[in-house]
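Reviewing the structure listed below.
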Amino acid sequence: MNREIKVQQGACPERSRGIEKSDSKALVPIEVIEDKIFVIRGLKVMLDKDLAFLYGVSTKRLNEQVKRNKNRFPADFMFQLTKEEHVLLESINPKLRSQNGDG
């Protein structure tokens, strides 16, 4: 079974590692997406930068649109990580530290 999801390529071409391009859309293996899902506060979540990549927009643009259109999203759609949660995520996935400029 082909376990890939088509996503729109956009503002983040530098993050296209592991993704096969097909016209203006890209195929993202399910495993790549699954690796971006974390359980925080008992919820399955994705970081804004990873979700923005899947939508083909910058993280800043995604956050702007969510804030402008709050009424279109459930109240628990987005939340800010605490410092402790951020440190825990970095310990689970050291790549996050280098991507955030912290290490």
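Considering region 49-82, and only residues there that are surrounded by 14 or more Cβ atoms within 10 Å (Cβ to Cβ), part of a loop (DSSP other than H, G, I, E, B) and not β-branched (Val, Ile, Thr), the residue that is modelled with the highest pLDDT turns out to be Ser58. Is there a residue in region 14-32 that is assigned to a loop (DSSP other than H, G, I, E, B), modelled with pLDDT under 55 and surrounded by 12 or more Cβ atoms within 10 Å (Cβ to Cβ)? Looking through region 14-32, at least one residue is assigned to a loop (DSSP other than H, G, I, E, B), modelled with pLDDT under 55 and surrounded by 12 or more Cβ atoms within 10 Å (Cβ to Cβ). A search for C-beta distances below 9 Å between a residue of region 59-84 that is under 15 Å from Leu47 (Cα atoms) and any residue that is of a type in the set (Lys, Arg) and surrounded by 12 or more Cβ atoms within 10 Å (Cβ to Cβ), counting only pairs 6+ apart in sequence or on different chains, returns Thr59/Lys49; Leu62/Lys49. Looking at region 83-95, can you tell me whether even one residue there is modelled with pLDDT under 85, aliphatic (A, V, I, L, M) and in a helix (DSSP H, G or I)? Among the residues of region 83-95, at least one is modelled with pLDDT under 85, aliphatic (A, V, I, L, M) and in a helix (DSSP H, G or I), which makes the answer yes.
The values are calculated or read from the model by the stated rules, or taken from the named source; none is laboratory data. All of these numbers come straight from a predicted model, not from anything done at the bench. Note: ideal-geometry Cβ built from the backbone for every residue, glycine included; neighbour counts use all protein chains shown.
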